[in-house]
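Scroll down for the structure; my scribbles are underneath it.
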């Protein structure tokens, strides 16, 4: 049974993601991971995680073992969401209700919700952008490509 249509094994998928991650993330870069980091073998995860460049922050996903991920030194910060008003972005694991995306009372500026969770499915209509690996060719996306101008 294939793990994903593109991969025959979990190992093949993991190696692809490590290669593509490190092709765009350098050692000093800050990376926000939008959740669902590890499902399954936590010991195997520990050895794979150290191969990834960058200083990592976690936006918690519904499949994440928060106790394991926050106590293992895997992430510099563990958050439920992260707002970047200077970029017009709000990052979360799941798509948030549109009412959460306004930049303050009396403003007509709406942030874009950068999210994960839905894998290959389309984002809701409106100010949403899914950055699940299935939609980004298994490659992290630079915030400059996402920012609202």
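At a glance:
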{"quantity": "Residues 63, 97, 117, 33 arranged by fewest to most Cβ contacts within 10 Å", "calculated": "97, 63, 117, 33"}
{"quantity": "Max mean-square fluctuation residue, GNM over the chain, Cα-Cα springs under 10 Å, options 71, 55, 123", "calculated": "71"}
{"quantity": "Calculated FRET value between residue 41 and residue 109, using beta carbons and R₀ = 41 Å, to 0.05", "calculated": "0.40"}
{"quantity": "Of 67, 56, 76, the one that fluctuates the most in a GNM where the chain has Cα springs shorter than 10 Å", "calculated": "67"}
{"quantity": "Whole-number percent relative contact order across the chain, with pairs defined as alpha carbons under 8 Å at least 6 apart", "calculated": "19"}
{"quantity": "Cα gyration tensor shape for region 1-79, rounded if a/c is under 1.5, else prolate or oblate", "calculated": "oblate"}
{"quantity": "Between 0 and 90°, nearest 10: helix 10-24 axis offset from the chain longest Cα axis", "calculated": "50"}
{"quantity": "Taking 136, 50 and counting other C-beta atoms within 10 Å, the order from fewest to most", "calculated": "50, 136"}
{"quantity": "Length added when fully stretched, residue 9-residue 121, from 0.36 nm per residue minus Cα-Cα", "calculated": "38.1 nm"}
{"quantity": "Cα shape, region 59-116, gyration tensor, a/c 1.5 rule", "calculated": "prolate"}
{"quantity": "Helix-only CD estimate at 222 nm, as mean residue ellipticity for the chain, using -39500 (n - 2.57) per DSSP H run (n ≥ 4)", "calculated": "-6000 deg cm²/dmol"}
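Read-outs throughout are calculated quantities, based only on the coordinates presented, and are distinct from any laboratory measurement. What you see is a predicted model, and the numbers here were worked out from it, not measured in a lab. Neighbour counts are summed over all protein chains in view; Cβ atoms, including those assigned to glycine, are modelled from backbone coordinates with ideal geometry.
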